[in-house]
Amino acid sequence: MTEQMDKDNLDALILTSGDAAFYATGYASRDLYKNGQTGGTVAVVTKNGRAGIVVSEFARRTAKMAVDGVEIIFYPTWIYIEDYAIEGMEKEVQPDLNKTYKLALQFLPEKKENLRIGVQPSYLTPYAWQFLTDTFNEKNVVDIKQLLIEARAIKTPWEIEVLREAARYSELTMNKVAKAIVPGMTEADVLQLFNTTAFSWSPDIIDVANAHTIGENFTPSFIPPHTRINRGDIIRLDGGNVIEQGTPEEIFVSPTQERTRQFFSRYLPEFTYNI
């Protein structure tokens with residue numbers, strides 16, 4: 001990442017998306033990933049390789065457990081935490097929404113004039129953007145979307161292994177669910193089956209993404225409808241493309257696509273397939 005910073009003449013990055021903060025520090029903020037609470041956690045990387053994160057005191061211990069060689073600054077929240085309480089302590093009902101960005105400046109070089117700072121505009125509130133442009137001058141606040149794309153294009157062995165495991169579990173889940181679907185089930189039934197199956201493979205699975213559709217309806221919805229599956233319906237697990245069209249007899253008796261024939265050879269014992 002520092003190589004890309006040198007190329008773009010950047011002094012530091014202020015990272016505000018869950019994946020970017022995790023990539024730079026090793027800390028996966030639940031607020032950023034699950035709640036989309038932009039600004040709750042901020043990561044900083046300087047061109048000399050210094051890395052730091054700003055988190056709430058509520059997340060402080062989790063951050064310490066996750067990172068190695070990364071500095072941590074924490075700020076108080078309105079939540080009462082007995083472990084951090086002191087006599088006479090008062091807490092703000094609504095903390096300063098720019099507090100994390102103000103604290104993040106502590107990781108930057110002391111000389112703040114004319115620093116070029118890389119940010120993620122899509123993951124900044126208007127108030128945070130205004131604070132950063134007022135602090136560094138708008139011409140020195142740079143969108144780093146392309147920088148992150150280039151940096152993330154190089155995968156570490158750990159990332160490659162995670163991708164392989166995710167693909168393997170996805171394949172196992174789709175295969176198992178496909179064999180269990182029968183007419184009379186609903187889209188909601190399929191979604192529940194997919195989720196429970198996917199989570200069953202490993203305690204390391206933290207989220208399951210799916211977009212299943214049935215029959216003529218190819219648009220997934222957040223709340224699955226209770227549309228029942230009829231015999232002959234096409235079931236699209238996790239979205240997918242329609243590669244074969246026609247009546248059930250046409251598709252199952254005389255498929256026209258190579259991928260269709262290959263698929264049937266795996267799931268229909270009586271279907272023969274030769275390469």
Completion exercise
Within region 234-257, the residues that are open to solvent by less than 60 Å² (accessible area, probe 1.4 Å), under 18 Å from Lys176 (Cα atoms) and either over 27 Å from the mean Cα position of the chain (by Cα) or at pLDDT 80 or above (or both) are Ile235, Arg236, Leu237
Problem - Residue count for region 129-166, restricted to those that are closer than 19 Å to Leu10 by Cα and part of a helix (DSSP H, G or I) - result: 18
Handout entry: Flag if Gly69 is part of a loop (DSSP other than H, G, I, E, B) and over 27 Å from Glu138 (Cα atoms)
Key = yes
Exercise for the section: State which residue is nearest to Leu105 (Cα to Cα) when the search covers only region 59-83 and only residues that are open to solvent by 50 Å² or more (accessible area, probe 1.4 Å) and among the hydroxyl-bearing types (Ser, Thr, Tyr). Expected result: Thr62
Practice task
Could you please let me know if Phe199 is of a type outside the set (S, T, N, Q) and buried (at least 18 other Cβ atoms within 10 Å of the Cβ)?
Solution key: no
Exercise for the section: Could you please let me know if Val208 is hydrophobic (A, V, I, L, M, F, W, C) and either surrounded by 17 or more Cβ atoms within 10 Å (Cβ to Cβ) or modelled with pLDDT of 90 or more (or both)? Expected result: no
Fill in the blank from the handout: Filter region 166-188 for residues that are open to solvent by 60 Å² or more (accessible area, probe 1.4 Å) and charged (D, E, K, R); the one that is farthest from Arg266 (Cα to Cα) is Arg168
Completion exercise
If we keep only residues of region 121-145 that are hydrophobic (A, V, I, L, M, F, W, C) and open to solvent by less than 50 Å² (accessible area, probe 1.4 Å), then the residue nearest to Gln37 (Cα to Cα) is Leu124
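The values are calculated or read from the model by the stated rules, or taken from the named source; none is laboratory data. Computed from a predicted structure; not experimentally measured. As a convention, Cβ positions derive from the backbone with ideal geometry for all residues, glycine included, and neighbour counts pool all protein chains shown. For accessibility, only protein heavy atoms count, side chains too; no ligands or nucleic acids. Shrake-Rupley method; radii C 1.70, N 1.55, O 1.52, S 1.80 Å.
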